[in-house]
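Trainee: Structure below; questions to follow.
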Amino acid sequence: MMQEEEKVVYTPYAELPNPKLTVDSLDENFLGVVALFESDGWKDNNSALEQLRILNKFYFEYLCTKLDEVDPYIQIHLNSLRSGLLKTALLFMQELAGSEADVSEHATRSASLKSYLPRQIPVLLARLLDAKKFIAKEADLALKNVATKTCGPEVIAALCEQCFTGISKGTLFADNVMDYLESGVGTKMSGEAWESCKQPLMLTLGQAVNTGRKQMVKKAGSILAALKKSCGEEAVLAAIKGAAMPKVEEQKLVELLAGKGEEKKKPDSGFKAFLQSKKKAKA
């Protein structure tokens with residue numbers, strides 16, 4: 001018997017067909033989508049997800065008015081045990097966050113995404129642990145789109161919340177989240193966006209350097225450098241000092257901001273150092 005994954009056809013974004021709906025027929029079409037979601041058949045459910053992908057591509061603003069209405073169905077399939085349905089749901093999330101051809105439009109056209117996408121971050125992070133690598137890959141792509149193509153203060157705050165707490169349960173997703181933050185901040189952080197998320201961002205960076213892990217410290221330094229370029233060193237320094245973090249973490253961030261956080265090469269010790277000193281004495 002054929003496996004479900006072999007039966008599901010994943011239509012590339014560029015090949016999604018335009019249904020050429022009229023304003024009057026949009027609501028009728030949407031009711032049809034809901035009916036497909038209500039069906040007990042997984043093929044109908046998959047068709048409903050495909051219809052959402054089509055609405056996202058051709059009727060984005062209309063879809064945004066319906067996101068809260070269809071979200072319960074989307075959540076079901078983002079947590080589905082059927083990998084075919086799960087992948088289609090993840091494709092929808094990737095495209096909703098911003099398809100390559102529509103980056104600027106998806107980033108600015110609807111305020112609905114500002115509240116909707118941040119709420120999806122915990123469930124997308126959970127999919128990174130999926131035993132099937134292709135599912136984990138799709139979840140990662142969705143999160144990257146959320147971080148880089150629709151990045152705003154709400155998204156950054158949601159990522160910070162999940163970095164060392166929440167679903168992460170310590171440092172489970174800390175590396176992933178720091179990657180998303182690293183790719184999402186920088187030139188996008190200015191004005192109101194910077195003022196809205198500087199507190200959680202600085203606290204998260206403080207926790208990152210406190211891990212003592214070289215890669216984590218490096219990522220924190222990269223984020224600080226991007227913020228320094230877009231917001232100015234004084235503003236970033238003030239944010240660090242105003243974040244009410246432990247003094248040890250604050251000092252480490254201040255040093256990173258000033259470019260003093262790189263690890264210095266430690267002097268040789270032990271037997272190796274002894275041999276080198278003997279060579280120098282003979283010379």
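The values are calculated or read from the model by the stated rules, or taken from the named source; none is laboratory data. These numbers were taken from a predicted model, which means no experiment stands behind them. Cβ atoms come from the backbone with ideal geometry, glycine included; neighbour counts cover every protein chain shown. Each accessible area value is taken on the protein alone, full model and side chains, heavy atoms only, with ligands, DNA and RNA left out. Shrake-Rupley method; radii C 1.70, N 1.55, O 1.52, S 1.80 Å.
Trainee: Does residue 273 qualify as being modelled with pLDDT under 80, of a type in the set (A, V, I, L, M, F, W, C), open to solvent by 80 Å² or more (accessible area, probe 1.4 Å) and farther than 28 Å from residue 122 by Cα?
Mentor: Details: modelled with pLDDT under 80: yes; of a type in the set (A, V, I, L, M, F, W, C): yes; open to solvent by 80 Å² or more (accessible area, probe 1.4 Å): no; farther than 28 Å from residue 122 by Cα: yes.
Answer is no for this residue.
Trainee: Given the structure, is residue 195 at pLDDT below 90 and assigned to a helix (DSSP H, G or I)?
Mentor: On the way: at pLDDT below 90: yes; assigned to a helix (DSSP H, G or I): yes.
The answer is yes for residue 195.
Trainee: Of everything in the range 198-211, what is part of a helix (DSSP H, G or I) and of a type in the set (Ser, Thr, Tyr)? Give them in sequence order.
Mentor: Of everything in the range 198-211, just one residue is part of a helix (DSSP H, G or I) and of a type in the set (Ser, Thr, Tyr), namely 204.
Trainee: Checking the structure you have, find out if any residue of the range 234-245 is open to solvent by less than 60 Å² (accessible area, probe 1.4 Å), closer than 24 Å to residue 111 by Cα, modelled with pLDDT under 95 and not acidic (Asp, Glu).
Mentor: No: the range 234-245 contains no residue that is open to solvent by less than 60 Å² (accessible area, probe 1.4 Å), closer than 24 Å to residue 111 by Cα, modelled with pLDDT under 95 and not acidic (Asp, Glu).
Residue-by-condition table, conditions (1) at pLDDT 90 or above; (2) open to solvent by less than 50 Å² (accessible area, probe 1.4 Å); (3) closer than 30 Å to residue 150 by Cβ:
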{"position": "185", "(1), (2), (3)": "no, yes, yes"}
{"position": "206", "(1), (2), (3)": "yes, yes, yes"}
{"position": "249", "(1), (2), (3)": "yes, yes, yes"}
{"position": "266", "(1), (2), (3)": "no, no, no"}
{"position": "277", "(1), (2), (3)": "no, no, no"}
{"position": "282", "(1), (2), (3)": "no, no, no"}
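Trainee: Quick check on the range 212-235. Is at least one of its residues closer than 25 Å to residue 129 by Cβ and outside any helix (DSSP H, G or I)?
Mentor: For the range 212-235, residues closer than 25 Å to residue 129 by Cβ and outside any helix (DSSP H, G or I): present.
Trainee: Something else: With (1) closer than 19 Å to residue 122 by Cα; (2) aromatic (Phe, Trp, Tyr); (3) touching a residue at least 40 places away in the same chain (Cβ under 8 Å) as the list, and residue 58 as the residue in question, which single condition is left unmet?
Mentor: Unmet condition: (1).
Trainee: Right, another one. Of all residues in the range 25-47, count the ones that are open to solvent by less than 50 Å² (accessible area, probe 1.4 Å), in contact with a Leu (Cβ under 6 Å, 6 or more places away or on another chain) and farther than 15 Å from residue 10 by Cβ.
Mentor: 1
Trainee: Can you run down the residue pairs with Cβ atoms below 9 Å, 6 or more apart or on separate chains, where the first is in the range 22-49 and over 13 Å from residue 85 (Cα atoms) and the partner is outside any helix (DSSP H, G or I) and open to solvent by 50 Å² or more (accessible area, probe 1.4 Å)?
Mentor: 25/19; 29/19
Trainee: Now for a different question. Restricting the search to the range 146-162, which residues are small (Gly, Ala, Ser) and at pLDDT below 85? I'd like the intermediate steps shown before the answer.
Mentor: As a first pass, look at the range 146-162 and keep what is small (Gly, Ala, Ser): 147, 152, 157-158.
The one that is small (Gly, Ala, Ser) and at pLDDT below 85: 152.
Trainee: Given the criterion over 20 Å from residue 226 (Cβ atoms), modelled with pLDDT under 90 and not in a helix (DSSP H, G or I), identify the matching residue among 80, 110, 115. Don't jump to the end; show me each part of the working.
Mentor: Details: 80 fails: modelled with pLDDT under 90; 115 fails: not in a helix (DSSP H, G or I).
Only one candidate qualifies: 110.
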